[in-house]
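These notes concern the structure reproduced below.
The values are calculated or read from the model by the stated rules, or taken from the named source; none is laboratory data. As the structure is a computational prediction, the values presented were derived from the model and not from experiment. Methodologically, a virtual Cβ is constructed for each residue, glycine included, from the backbone with ideal geometry; neighbour enumeration extends over all protein chains shown.
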Amino acid sequence: MEQPSASSGAADRPTRRRFAVDGRVRSGCLTCKARKKKCDGQVSNLDGRCGSCTRLGLVCEKAPLRTVQPRPARRKGKARADQETSSPQTSSNKGEKGSESLSSGSPPDNSPAERYRDGAGQGSGLLVNASTDFPPMTASLDDGERRFLLKYFLDHVAPLCSILQKDGAVFSSVLLPMAIVDPPLLYALFAYASVHSNAATAKDPDTTDARREYENQVARGVAEAIKRNAVTETTVACALVISTTEVVAGDTSRWLLHLQGAGHLVNHLGPSRLLKTNDGKFLLRYFAYHDIMASLSTARRPLLEGVYWVEEVEAMVESADSFMGLGHHIFRHLPEVCAFVEDTADLNSSSDADRRAREALRAEDMAQALRTQDLRIRVDLEDGNKNALLNHAEAFRFASLLYLYRHLLRFCDAGAVYKLRMNDCLRQVLRHVAQVPENLFCEMGLLFPLFMAGIVSGGDSGSKEYVQRRLLGIENWTKFKHVKRTRELLQLLWERNRTDWENVLLELDWKLSLA
């Protein structure tokens, strides 16, 4: 009787993966190595994390992949001919990929970084898809043009990124060190500078192929970071800068997709992690400001709720912020106002009386908190700048109340009371805006107060003329096209004798940024 061979018996048994029980860990994720724990190597199909990191809720960092350089072909003539034959098809494929998007609108049930990647295909002409092929990030980009754009960003764009006087250097001090070690962010700055340079010289931004090339380079870098599960603060900065670039270019849809993508990345890293570094704190405030302003114009709750951009909510304001100025304690109430507007979007005068009464009480509590909120300032600034920032904060206070009261008119019975309050808020907004000198950097932060004042000006031609003049001044000074979009929307409403700007935006299919 023949005995079965050892080799055949081994082949019949299922292969089992063995794990080391002792000794030095030479493989596995970087997170387990940092914790000096053994990595089980069981990679999840959902988010690519190992079992230990999944169980403990940790970010599973992997070592970056290395590229093996191919050996040079011996027959150079044949290799050159093959390259020339294949290049048209390769460039065509890259061109097709260059029109897809990375941003996400509705998050599926997986990690935030995956949600940002899975949003590819929503919209067109944005960022490239998270492909597995990443061409060299320096291809076809002119060195002289890049030097010009970097200098243009430092001299002309960075100062306009903040409402504080002489704050451009502070803004650059955060982004430039990141950009030096991460080229995608550098290309995002190139795209931003390219858009503004074209606007300043009266060129059509869409005619500049270089801008799209820069944006595609940013997308490749962001997609690669997501694919390798290596999302960092710089990845968040890339999404934020590209969103802001689309805003100032006058875009009415793509900027919001990129902002939503930035929100998923921020959520993936976690606000608590970002608060541990100064750069992370800056990026949180950057995102929070633009997310809140986007929520006000799109009537939705913020992507991230709560006052997550500071460590202590009730802390004294000891320094002015590049985005919120001295109005942190005013801005902390706005996410709740935006959530209220979304929650009550279906209410009208014929809705259930009990629910309308409950929501009216809820709104009264928010309005009372906004009216009585102390700015809690402990700042030593030049008198002129401090007064301008104080008036900026107060203009936002009354513009926010104006926004809330207008919404209450839709379903509350006390319409006459709210109209009186709105008239008082209008006077307060215009009074505080008038205290901010023209061509002061703080003036750039008055877009939302001026817009709300223009909405409720009604038949007051003097107020409308003043609002239009201040908006035109900001537009001519900054060259920001979203200010022009805001001015055009107000002009359309005045010509049609309408105040329902939300419905007009829906009719125009616009997503307008008031940042």
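Quick check on this structure: which one of THR277, THR298 is within 26 Å of LEU58 (Cα to Cα) and in contact with a helix residue (DSSP H, G or I) (Cβ under 8 Å, 6 or more places away or on another chain)?
On the way: THR298 fails: within 26 Å of LEU58 (Cα to Cα).
Result of the check over THR277, THR298: THR277.
GLU342 passes every criterion in (1) crowded, with 17+ Cβ neighbours inside 10 Å; (2) at pLDDT 95 or above; (3) within 27 Å of the chain's Cα centre (by Cα) apart from (1).
Got a sec? Which helices (runs of 4 or more DSSP H) wholly within segment 283-383 have at least 2 residues that are within 30 Å of VAL417 (Cβ to Cβ) and in contact with a Ser or Thr (Cβ under 7 Å, 6 or more places away or on another chain)?
Values: elements: 328-331, 334-343, 353-372.
By residue number, 334-343, 353-372.
Take segment 365-416 and flag every residue that is at pLDDT 90 or above and among the polar types (S, T, N, Q). Within segment 365-416, GLN368, THR372, GLN373, ASN387, ASN391, SER400 qualify.
Hey, does segment 455-465 have a residue that's aliphatic (A, V, I, L, M) and more than 21 Å from VAL247 (Cβ to Cβ)?
The first filter runs over segment 455-465 and keeps only residues aliphatic (A, V, I, L, M), leaving 455-456.
Add one more test, that the residue is more than 21 Å from VAL247 (Cβ to Cβ), and what stays is 456.
Among the residues of segment 455-465, at least one is aliphatic (A, V, I, L, M) and more than 21 Å from VAL247 (Cβ to Cβ), which makes the answer yes.
If only residues of segment 457-484 that are part of a helix (DSSP H, G or I) and touching a residue at least 40 places away in the same chain (Cβ under 8 Å) are counted, the one that is farthest from VAL433 (Cα to Cα) is LYS481.
For every residue, the table says whether it meets (1) under 19 Å from GLU502 (Cα atoms); (2) of a type in the set (A, V, I, L, M); (3) over 31 Å from the mean Cα position of the chain (by Cα).
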{"position": "ARG355", "(1), (2), (3)": "no, no, yes"}
{"position": "GLU364", "(1), (2), (3)": "no, no, no"}
{"position": "ARG378", "(1), (2), (3)": "no, no, no"}
{"position": "LEU381", "(1), (2), (3)": "no, yes, no"}
{"position": "LEU390", "(1), (2), (3)": "no, yes, no"}
{"position": "ASP424", "(1), (2), (3)": "no, no, yes"}
{"position": "GLU438", "(1), (2), (3)": "no, no, no"}
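Against the test of being farther than 23 Å from SER243 by Cβ, out of contact with any Cys (no Cβ under 8 Å at 6 or more places or on another chain), free of Cβ contacts under 8 Å to residues at least 40 places away in the same chain and of a type outside the set (Val, Ile, Thr), the options ALA353, ALA339, ALA315 yield a single qualifying residue, ALA353.
When the criteria are applied in full, VAL247 meets the requirement of being touching a His at 6+ places or on another chain (Cβ under 6 Å), over 22 Å from THR372 (Cα atoms) and not assigned by TED's automatic domain parsing to the domain that holds ALA393. Inspection of segment 453-466 identifies at least one residue that is surrounded by 19 or more Cβ atoms within 10 Å (Cβ to Cβ), closer than 17 Å to ALA299 by Cα and modelled with pLDDT of 95 or more. With respect to LEU426, is the statement that it is at pLDDT below 95, farther than 19 Å from TRP477 by Cα and surrounded by 14 or more Cβ atoms within 10 Å (Cβ to Cβ) true? In short, no.
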